[in-house]
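Notes to accompany the following structure.
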Amino acid sequence: MKVILLGELRGKGGEGDIVDVAQGYAENYLFPNRIAQPATPGNIKQLEERRHNIEKREAERIANAEALKAQIDGKSVKVDAKIGDDGQLFGSVTTTMIADALKAELGVEIDRKRVEHAAAIKTVGRHQVTINLYREINAELNVLVGDVEPEEAAPEAAEEAAPAEDAAEAPAEA
């Protein structure tokens, strides 16, 4: 069944897109929740008249997503969790905890459903998480769990370790 989307539908499309979905999905979910409307000739004609407004809103959403990406991409947030003796967490770091840390540390409010990570975070350390901001616009975020130094301090530590290694190798070469 062909429908016209009235808003973003993850995995299908955005506002104004005409997509093909199962009839039951359309009648039982999309239409009652006003996410879509049937793609009748009259509705398609109305869509063409609204196309300019839809494109303007789409450009605004993309600009907002790009601005959020600039604020988030490559940054680090620290998440506090209870840690056992062997570096394992009691439980795991949830998407809600990540979204709350993002709001507290960077001042950026993100819906927890937009935070994606492949596996549950159950260990201490640095974990990379992807945040889906809008359609194909994603930001990478480092989540620090436990007593892990932020990325800014990591290169300095590597530079300090390098001269020590050179000094250790010098007597071995002689």
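Summary of values
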{"item": "Net charge contributed by nearby residues that have their C-beta within less than 15 Å of Glu8 (K/R +1, D/E -1)", "result": "+1"}
{"item": "The chain, relative contact order in percent, only Cα pairs under 8 angstrom and at least six apart counted", "result": "17 percent"}
{"item": "Shape call, the chain: gyration tensor on alpha carbons, a/c limit 1.5", "result": "prolate"}
{"item": "Cα shape, the range 23-81, gyration tensor, a/c 1.5 rule", "result": "oblate"}
{"item": "Given Lys78/Lys113; Lys69/Lys103; Lys56/Lys113, the pairs whose alpha carbons are separated by over 22 Å", "result": "Lys56/Lys113"}
{"item": "Ranked order, Asp20, Asp86, Asp73 - accessible area, probe 1.4 Å, largest first", "result": "Asp86, Asp20, Asp73"}
{"item": "Residue-by-residue Karplus 3J(HN,Hα) for the range 51-59, coefficients 6.51, -1.76, 1.60, Hz, glycine and proline x", "result": "4, 4, 5, 5, 5, 5, 5, 4, 4"}
{"item": "The range 4-78-the range 80-95 distance, computed between alpha-carbon centres (Å)", "result": "38 Å"}
{"item": "Dipole moment magnitude, nearest 20 debye, the chain about Cα centre, only Lys, Arg, Asp, Glu C-beta charged", "result": "1760 debye"}
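The values are calculated or read from the model by the stated rules, or taken from the named source; none is laboratory data. For clarity, every value in this text was computed on a predicted model and none was experimentally measured. Positions of Cβ are backbone-derived with ideal geometry, glycine not excepted, and every protein chain shown enters the neighbour counts. Remember, those area values only see protein heavy atoms, side chains included, never the ligands or the DNA or RNA. Shrake-Rupley method; radii C 1.70, N 1.55, O 1.52, S 1.80 Å.
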